[in-house]
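The values are calculated or read from the model by the stated rules, or taken from the named source; none is laboratory data. Since we're looking at a predicted model, the values are computed, not measured. Methodologically, a virtual Cβ is constructed for each residue, glycine included, from the backbone with ideal geometry; neighbour enumeration extends over all protein chains shown. Ligands, DNA and RNA are excluded from the accessible area calculation, which covers all protein heavy atoms including side chains. Shrake-Rupley method; radii C 1.70, N 1.55, O 1.52, S 1.80 Å.
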Amino acid sequence: KRPVAVRPERRRFLIVSEGTATEPIYFKALEKALPKGTVQVETCGTGRSELSLVKEIKRIRKNKEEELAVTFDEVWAVFDKDGFLRDRFDNAIHSCSSSKKGYGVAWSNECFELWYLLHFKEQKTGIGRKAIFKALEKELGVHGYETLKGDAGRAIHERIATHANQATAITRAKKLYADWNDPQAQRTPPSLQNPCTTIYQLVEKLLACRQSEK
């Protein structure tokens, strides 16, 4: 008899983000780009910042699992440093990874769009969100990135989700994180790690679902 190919069980992710548009659109576009049936991504943009977002995850997870009649394999919080207090940002990251919660956390210092920028160039020096937006406008050939909404904004996020330089962006983000978190050096809290983003860790998790399907 011919061996029967067994399709791996679909992995389910709940991604709870600070942003209500950018992050949900990006991660749903990434799900769409993966082989059908390998991953399910449910997003929830809360409009809340770090610690208050983390406190909401348990409730959001419970409601989503009841609504969809599923159990999520992984739950991730996605938020930025921006101008928030250092202690709140660092504590939110620590709280996510505590043994009781066990949530993944994909944080960015200073903002989520740093992940986008790494698709186009290296960024080794500290940079603020306004400068990131300006650099993205140049790379994407658009004006007023921060105010893009509707179809124009969606097109940008979907473009990045399937960008040819995705692997390069992952490599660049890993290098930034490794440089800041050298075990031989004095520890630098995430709130001072500018530029840095761990979005790549969540992206790699999602891409691994594609690889397991082969």
Distance (nanometres) between label positions extended 7 Å along Cα→Cβ at residue 87 and residue 20: 3.0 nm
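Can you flag which of 81/130; 121/174; 174/205; 36/205; 28/62; 149/205 are past 18 Å Cα-Cα? Walk me through the intermediate numbers first.
Numbers: 81/130 14 Å; 121/174 14 Å; 174/205 14 Å; 36/205 16 Å; 28/62 20 Å; 149/205 28 Å.
In this structure, 28/62; 149/205 lie more than 18 Å apart at Cα.
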Partner aspartates and glutamates for residue 175 [C-alpha distance under 14 Å; skip if fewer than 8 residues away on the same chain]: 122
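For the chain, what does -39500 (n - 2.57) per DSSP helix run (n ≥ 4), summed and divided by total residues, give at 222 nm, in deg cm²/dmol to the nearest 500? The partial results should precede the final answer.
Details: 8 runs with 101 residues, N = 214.
Calculated mean residue ellipticity at 222 nm is -15000 deg cm²/dmol.
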DSSP bridge orientation in the range 1-120 - percent antiparallel, rounded to nearest 5: 0 percent
Rough spin-label spacing in nm, given labels placed 7 Å along Cα→Cβ, for residue 33 and residue 125: 3.0 nm
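Find the Cα radius of gyration of the range 86-153, compare it with 2.2 N^0.38 Å by division, and give the number to two decimals.
Values: Rg = 15.1 Å, N = 68, 2.2 N^0.38 = 10.9 Å.
Against the empirical 2.2 N^0.38 Å value, I get 1.38 for the range 86-153.
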Set of lysines near residue 58 by C-alpha distance (under 19 Å), chain-local residues within fewer than 8 positions excluded: 100, 101
Spin-label pair residue 137/residue 186, simplified geometry with 7 Å Cα→Cβ offset, distance in nm: 3.8 nm
Convex hull volume of the range 26-180 per residue (C-alpha atoms, cubic angstrom): 140 Å³
Where the range 88-214 is the region considered: accessible area per residue in Å², 1.4 Å probe: 53 Å²
Listed residues 105, 78, 39, most fluctuating in the chain (Gaussian network, C-alpha, under 10 Å): 39
Of all accessible heavy-atom area on the range 1-150, the percent that carbon and sulfur account for (1.4 Å): 49 percent
In Hz, Karplus ³J(HN,Hα) per residue of the range 138-154 (6.51, -1.76, 1.60; θ = phi - 60°; x = Gly, Pro): 5, 5, 8, x, 10, 10, x, 3, 4, 9, 5, 9, x, 4, 5, x, 4
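Can you give the % of DSSP beta bridges in the chain that are antiparallel, to the nearest 5? Don't skip to the answer; put the middle values down first.
On the way: 2 of 19 bridges.
Bridges in the chain that DSSP calls antiparallel: roughly 10 percent.
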